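Worksheet: one structure, shown below.
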Amino acid sequence: MGNFLTYLAEASLCSACFFALYYCLLRNETWFQWNRMYLMLTLLLSILLPLFNYTIEQEVLVQAAERIIEPSTIISAPSQTLIVEHEPFDWTNYIVYIYGGGVFLFLLYFLLGLHQLFRSYKNGAKESKQGTTLVSSEAVRSPFSFFKWVFYDKSYWEKRPAELRRVMAHEMAHVKQWHSLDIIVVELIRIIFWFNPIVHLYKKSLRQIHEFIADEVVIRQEGRISDYAGFLVQQAHESRVPSLGISLFHKPIKARLVMMQKPKSGSRGKVKFLPAFLVFGVLTYFLCVAFTTKEVIAPNTDAPVSVELADSTIVPPPPPPPPPPPPPPPPPPPPPTVTFGGTKVPKLEKGKCYAQCTLPKRTTLTKKRYPVYTGNSADVKTEDVIVLVSSSASKWEQRTLPEGECMSENKEDCKVWCMVEVPAAYKTIKVVKDINSTSEYRMEEYASSSSAFKPTANNPAAGMYEVVCHDDITPKLVKNIQSFLSKKGFKADSDGVKDDEFISRLSAYQQEINVASGNITIETLKAMGISHK
C-alpha cells in the first residue's frame, strides 16, 4: 500500500507542475484548441509518468581494509519465558479508509450524474437531426449536451426562434468536438485523485475552454459579438445543468465575455508551450530514473583480515514501548438537510414517508348581469370591463415527488396526493354606458368570487405531514379505516381497497376534523385510534 500512496503523491506533484505552467503562461491566450490539448495531455501524463522506472547502475571502487566481524549479541533468558512483542501504531490503515471513502463518494456522485442524464433521455421526446438526437423535456431549465444528445425545452425555445438558433449552434459545437469525452475522462481521474485540488481545477479550466470554443463558433456565424454577449447575460442566471452536461449558459460568464473581446493571440506566442517540455524532462528525471551503486573491492594483500568475536552477554529483553494514545473521536457531523417543497428542512427519519399538502381554498360565488353592446354604430358609448368567467378552484391530484424529496426506497411512496390550485379565468367585454341609446344589446351573466378561507392554528394553509408508506397500507388497515368512516356516517365500503371513493370519504372526514386531507396521514390515524403497524 505504501507504493500506491507514493504513486498518488508523485502524480499529484506532476499535475501541480503542469497546471502551474498553464495558469501562469497559457490561460489568458486565445489558442483554445491548443490549450484544450495541453490540459488533456498533461493530465494524462501526470498519472502515467510515475508508473515508469528506469534503473542506472553505477560501480564504485572500494579499497579493502581490515574488517571486524562481530556476531550478534546473544540474548539468553530462562526457559519457558514468554516474550510479547508490541507492534508500533500504524496510521496507514486510517489513511486507506479515508481514501477509500472518498473514492466511493465521488464514484457514487459520478454514477448519479449518469443516471440523471439517462433518465432525462428516457423521459424526453426525441427527434433526430443531422446525426444528433434532440431530447425535449419541460424539466430542462437550460439547454445542454452530452455526446450526441442535446437536451432542451422545445415548448419554451420554439417561441424564440432567433435565440434557439444560437443555442443549437453552441450545443452542436460541443457535440461535434466531443467535449463530453474530455469531461468523462477528467471525472474518472477525479474519482481516483479526489483529494488533489489540482484535478478539480483541471475540470474547471476544461469546461471554460469548451465554452470559449463554442462561443467562437457562434460568433463566426452571428458576426456581432454584442448581440451574443447580451443574450448570454440575459440567460445566465437561469442556468441549471447536470454535472456531466455541457451547456451554453455554463457559469462563470465574466471570463467568456472578456475572452470574446480579446484580440487573437499571435502564432509566435506559441513558444510559451516550450517550457512544458522542460517541465516534462525534469519530472521524468527525478521520478523515473533511479541510480543503484555496485561496490567493487580493490585487491589489497597487505591489509590482514581479522575476525574479532565480541563477548557473549546476557541482555534482558527491552520493555515494549507504550502504545500511542488512541485518536480523538471525530466531532459529530451537523444534522443533514434536504430540500422538501423548495424549503431546506432537517432530514426526515429514514424508513418513513412524508407528503406536503395544501388545504383547499374555499370561495363563495355571486353573479352580476351586464348589458353588452352587439351593434356596429360608432355613436354608442361603450367601455371595456374585465369580468370573471370562472373562479379559482382547488382539486387533489396524485403526483410524484421530485428527485431527492422522497424519503422511501419504494417509488410508489413518492406518489402522493397534493392540492392543485386552478387560477380564475377572466374576459374583457364592451359594456353599454347608456342602454337607451340603442336597442342592439344583450345581457351577459358572469360569476365573481370572494375568498372565505382563514387559516387557523389547527387548520394551517400548508404543511409537511408523515404519511403511511405504500408497503404498510394493507387491506386490513384500509378495512379498519372504512369501518371507522362508516360509523361516523361517511358510508364507506368494507372491501379493503384504496380507490378514489375511499380517498374521497377519507378526505371528507379529514376536512371535518381540520387536518391535512387526501392521504392516509399518521395524524389522521391517531385521531381515529387506529395503528398502522
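The values are calculated or read from the model by the stated rules, or taken from the named source; none is laboratory data. Quantities reported herein were computed from a predicted structural model and do not represent experimental measurements. Note that we place each Cβ from the backbone using ideal geometry, even for glycine, and neighbour counts take in every protein chain shown. The area values use the complete protein model at the heavy-atom level, side chains included, leaving out ligands, DNA and RNA. Shrake-Rupley method; radii C 1.70, N 1.55, O 1.52, S 1.80 Å.
Would you tally the net charge around LEU485, using a Cβ to Cβ cut-off of less than 10 Å, leaving LEU485 out, and scoring K and R as +1, D and E as -1? It would help to have the intermediate numbers written out before the result.
Values: positive: LYS487, LYS488, LYS491, ARG505; negative: ASP493.
Result for the neighbourhood of LEU485: +3.
Placing a pseudo-label 7 Å from each Cα along the Cα-to-Cβ vector at ALA508 and TRP178 gives an inter-label distance of 6.7 nm. In the context of the full protein assembly, LYS204 retains an accessible surface of approximately 130 Å², using a probe radius of 1.4 Å and ignoring ligands and nucleic acids.
Shape verdict for the range 128-197, please, from the Cα gyration tensor: rounded (a/c under 1.5), prolate (a/b greater than b/c) or oblate.
Prolate is the answer for the range 128-197, as a/c is 1.5 or above and a/b outweighs b/c.
Along the range 124-131 the Karplus relation, 6.51 cos²θ - 1.76 cosθ + 1.60 evaluated at θ = phi - 60°, assigns HN-Hα couplings of x, 7, 9, 8, 8, 8, 6, x Hz to successive residues, with x for each Gly and Pro.
Are there GluC sites (Glu not before Pro) in the range 150-212 that DSSP puts in a loop and that have at most 12 other Cβ atoms within 10 Å, and which ones? Numbers along the way, then the final one.
On the way: sites: GLU158, GLU163, GLU171, GLU187, GLU211; in loops: GLU158.
Listed in order of number, the matching sites are GLU158.
Pairs from the list LYS176/LYS264; LYS154/LYS498; LYS176/LYS203; LYS122/LYS533; LYS148/LYS204; LYS204/LYS272 with a Cα-Cα gap above 31 Å: LYS154/LYS498; LYS122/LYS533.
Taking 7 Å steps out from each Cα toward its Cβ at ASN93 and GLN221 produces label points 6.0 nm apart. Using the Cβ-Cβ distance between ILE530 and GLU466 with R0 set to 25 Å, the FRET efficiency from 1/(1 + (r/R0)^6) comes to roughly 0.95. Tell me, what is the FRET efficiency for SER390 and GLU138 to the nearest 0.05, using R0 = 22 angstrom and their Cβ-Cβ distance as r? Computed FRET efficiency for SER390 and GLU138: 0.30. Centre-to-centre, using Cα atoms only, the range 129-160 and the range 1-48 are separated by 34 Å.
Applied to the range 492-508, the Karplus parametrisation 6.51 cos²θ - 1.76 cosθ + 1.60 on θ = phi - 60° returns per-residue 3J(HN,Hα) values of 8, 5, 10, 9, x, 10, 8, 10, 4, 5, 4, 4, 5, 5, 5, 5, 4 Hz, with x for Gly and Pro.
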